[in-house]
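In what follows, a structure is listed as structure tokens, so that the remarks can point back to it.
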């Protein structure tokens, strides 16, 4: 991806780093007033005092958000997002082979990825409409950056449903194996968020993992803050592990869709809580957009998953009474 604008210019106004706080590549931990010799109580002094303490536990991140290749700049965020996409697709396709033995899984995977990107882009544009109100056509410029990952499940679900019906694939099963790969892909993609620091968070307290971005071109904050990108990555990694283990337990046994609902439940609850550490703009009734969507996903999973679990238990009981074994899904190898 070719970058023609400065990295700071790609962020919404509320997320652009405060350059006043960068006096050098490695700022001193002393208050700004003491270093500058000012007698006034500068607002930055209060921010620094409330964030850093003595700085002994501070982790400095000196990363350039872009990888320079000749005259081209490629964002680390894009690199890790691409790697995550490949890894997630590989895992989902391997899981799909349990039931689907032909090549229809490939167009299905492409449809899910495209649908997820469209949903994520729409979420970003609606959350930052002030940036696009004067030029709505900018919303179509995917290459300029800007996605809201919490919108991806909506887009990927719609696209996946249409593709599965078109390709005559079992909808619930394909949803289940898709979210396993999606969770892994998001976990890997968050490494890029850690590098470029575009997601801003609240000041960090006395914990040993507070971070501060020091590179002159960083999109991150120069004060001591929570590493929200790392938190999100660990959340998605944990969700991936739990979903895969759950899928191994229930695969082949109807009803399908339980893993997909578990994904909505875990993602919605996790992102709702973690977003309290973010400084994203408020979207509705004092909540950020990610929190509103998170509550919707959490509600859908919390209501629907127990219903399918009880249905699975009834099917298993009925099957054992009749045949002495659980009902198994049949493999799909043709149309």
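So, in segment 129-150, of the ones that are more than 17 Å from the chain's Cα centre (by Cα) and not in a helix (DSSP H, G or I), which residue ends up farthest from residue 85 (Cα to Cα)?
The residue in question is 134.
Quick one: residue 74 ticks every box in (1) part of a helix (DSSP H, G or I); (2) surrounded by fewer than 16 Cβ atoms within 10 Å (Cβ to Cβ) except a single one, so which number is it?
Going through the list (1) part of a helix (DSSP H, G or I); (2) surrounded by fewer than 16 Cβ atoms within 10 Å (Cβ to Cβ), residue 74 breaks only (1).
Would you pick out the residues in segment 158-169 that are surrounded by fewer than 20 Cβ atoms within 10 Å (Cβ to Cβ), touching a helix residue (DSSP H, G or I) at 6+ places or on another chain (Cβ under 7 Å) and touching a residue at least 60 places away in the same chain (Cβ under 8 Å)?
Matches in segment 158-169: 167 only.
One residue is enough: does segment 240-254 have a residue meeting the conditions under 13 Å from the mean Cα position of the chain (by Cα), touching a residue at least 12 places away in the same chain (Cβ under 8 Å), at negative phi and surrounded by fewer than 17 Cβ atoms within 10 Å (Cβ to Cβ)?
no
Would you pick out the residues in segment 93-107 that are touching a residue at least 24 places away in the same chain (Cβ under 8 Å) and out of contact with any helix residue (DSSP H, G or I) (no Cβ under 7 Å at 6 or more places or on another chain)?
Selection gives 98, 100, 101, 102.
Checking the conditions here, which among 17, 27 is in a loop (DSSP other than H, G, I, E, B), surrounded by 13 or more Cβ atoms within 10 Å (Cβ to Cβ) and at pLDDT 50 or above?
Residue meeting the stated conditions: 17.
Could you please find all residues in segment 211-239 being assigned to a loop (DSSP other than H, G, I, E, B) and under 21 Å from the mean Cα position of the chain (by Cα)?
Residues satisfying the conditions are 218, 219, 220, 221, 226, 227.
Filter segment 216-239 for residues that are more than 17 Å from residue 278 (Cβ to Cβ), crowded, with 21+ Cβ neighbours inside 10 Å and at pLDDT below 95 and give the result.
218, 222
Tell me which of these residue 90 doesn't satisfy, since it passes every other one: (1) touching a residue at least 60 places away in the same chain (Cβ under 8 Å); (2) more than 22 Å from the chain's Cα centre (by Cα); (3) in a helix (DSSP H, G or I).
(2)
The values are calculated or read from the model by the stated rules, or taken from the named source; none is laboratory data. A quick note: this is a predicted structure, and the numbers were derived from the prediction, not measured. Neighbour counts are summed over all protein chains in view; Cβ atoms, including those assigned to glycine, are modelled from backbone coordinates with ideal geometry.
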